[in-house]
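Note sheet for the following structure.
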Amino acid sequence: MTSRYSWLADALERTVLTFVETGVATFGTILAAASVLDMSTVKAAGVSAFSAGLAAAIAFAKSALARHVGDEGTASLVKGV
């Protein structure tokens, strides 16, 4: 059986990585599309940060639900991973 600490470390790793990946992707797209720094770019950056946070929250929720679906005590939805 896996310890609770192991599950939490796994879930936090997935959450942080999802946040970083989503943030880089959306913010990078905004920067690539913006030719000047104006208020719409600043608003888009705020939406980007919100989107990254929402994706991270979903990743953590999925890991919490997976704790009881896949291998017990892990953040994986698939058994045997």
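Computed on segment 4-66, with alpha-carbon pairs under 8 angstrom and 6+ residues apart, the relative contact order is 52 percent.
For GLU13 and SER40 in one chain, what is 0.36 nm times their gap in residues minus the Cα-Cα distance, to one decimal in nm?
6.5 nm
Model label sites at SER6 and THR29, defined 7 Å from Cα along the beta-carbon direction, differ in position by 3.7 nm. With the Cα gyration tensor of segment 4-66 giving a ≥ b ≥ c as the square roots of its eigenvalues, does the rule (a/c under 1.5 for rounded; else a/b larger than b/c for prolate; else oblate) give rounded, prolate or oblate? Here segment 4-66 falls in the prolate category.
Throughout, read-outs are computed from the coordinates displayed, never taken from laboratory work. Quick caveat: nothing in here was measured; it's all calculated off a predicted structure. Please note: Cβ atoms are built from the backbone with ideal geometry, for glycine as well, and neighbour counts cover all protein chains shown.
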